[in-house]
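Let me begin by presenting the structure, written as structure tokens, before commenting on it.
The values are calculated or read from the model by the stated rules, or taken from the named source; none is laboratory data. Because the structure is predicted, anything quoted here is derived from the model rather than measured. A quick note on method: Cβ atoms are made from the backbone with ideal geometry, for glycine too, and the neighbour counts reach across all protein chains shown.
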């Protein structure tokens, strides 16, 4: 990992990436935009059916499943925005709510087909879901985000929505493939922070909107990721954790210094305190941005809020990357339910987005 503060600043180059349109990049028209926004809905999952890479003129189908369970997990469905296009035909793809098909991600990935994605957002035992998640495919590149609006501060949900909107807008405008993914992550998070700070103008510092954020970009058989706070990114492979981000928290520092063990992180009295976040103070927060990470076929990228990972062991999280017959969406939902149950009756919002390469 490298500290974003040590990255070279190239303001003008980065600005051009943001304002440049998509004209002139044929790849931007091969894969239409695809988004899954999870928020107040108890569970929103999106699955892109695979098509061979490089196929032009083929259809890209989208399957959306929205679950609203009556009882402790019930919540109002706000909005799930899913967009897809057929390439070469100009017709909309079909959408339905069945998840009965059981694609085997590992087999399909080995054949060079498109990644599979899934996302989930559970309200847990809270009165409001302030988490937001996003997966967006554009121009052959993929963006994953998990944003946790911080409870106890005003407009936590609005802060999370602002972060999603700012980064999505920047990602859509940037030419693909991204020439400087690290620079994009740095500038996008900085812009999201500035807009969230603006939301809190006129409010006392201790009640201004804030959010933690984890995001990843996948393109050209590799990935880069960044995070602020205790939302995490994992790279999973064959049932094990290859990499994970290190939280900006006091508890993570104690863990890295060997003063506590991994099992103690989940029950430490200071586990919910973070040392860096988007919003609040105008100063740019500490953010950590990864180097290039090679993706192998079948690898899973996971971005999640602390409500997801804090209710699971490392072994349980690693199961998401295990080659099995169950779909990625089914595996993600199972882990989300386990996380909520493990923390009941005080379960936090529990959200995650995953991509199987």
Just to be sure before I move on: is residue 284 within 30 Å of residue 202 (Cα to Cα) and surrounded by fewer than 18 Cβ atoms within 10 Å (Cβ to Cβ) in the structure I sent? yes
Residues of region 199-234 satisfying the condition of being in a strand (DSSP E or B), in contact with a helix residue (DSSP H, G or I) (Cβ under 8 Å, 6 or more places away or on another chain) and closer than 19 Å to residue 142 by Cα: 213, 215, 217, 219, 224, 225, 226, 232, 234
Kindly state which helices (runs of 4 or more DSSP H) lie completely within region 248-357 and contain at least 1 residues that are more than 30 Å from residue 158 (Cβ to Cβ), touching a strand residue (DSSP E or B) at 6+ places or on another chain (Cβ under 9 Å) and in contact (Cβ under 8 Å) with a residue 60 or more places away in the chain. 314-318, 328-343
Scanning for something surrounded by fewer than 24 Cβ atoms within 10 Å (Cβ to Cβ) and at pLDDT below 85, does region 212-221 turn up at least one residue? no
Of everything in region 124-145, what is crowded, with 24+ Cβ neighbours inside 10 Å and over 18 Å from residue 164 (Cα atoms)? Give them in sequence order. 124
For residue 311, state whether it is within 14 Å of residue 239 (Cα to Cα), buried (at least 21 other Cβ atoms within 10 Å of the Cβ) and modelled with pLDDT under 95. no
Quick check on residue 157: is it closer than 18 Å to residue 289 by Cα and either touching a strand residue (DSSP E or B) at 6+ places or on another chain (Cβ under 8 Å) or in a strand (DSSP E or B) (or both)? no
Residues of region 146-155 being modelled with pLDDT under 90 and buried (at least 20 other Cβ atoms within 10 Å of the Cβ), in sequence order, are 150, 153, 155
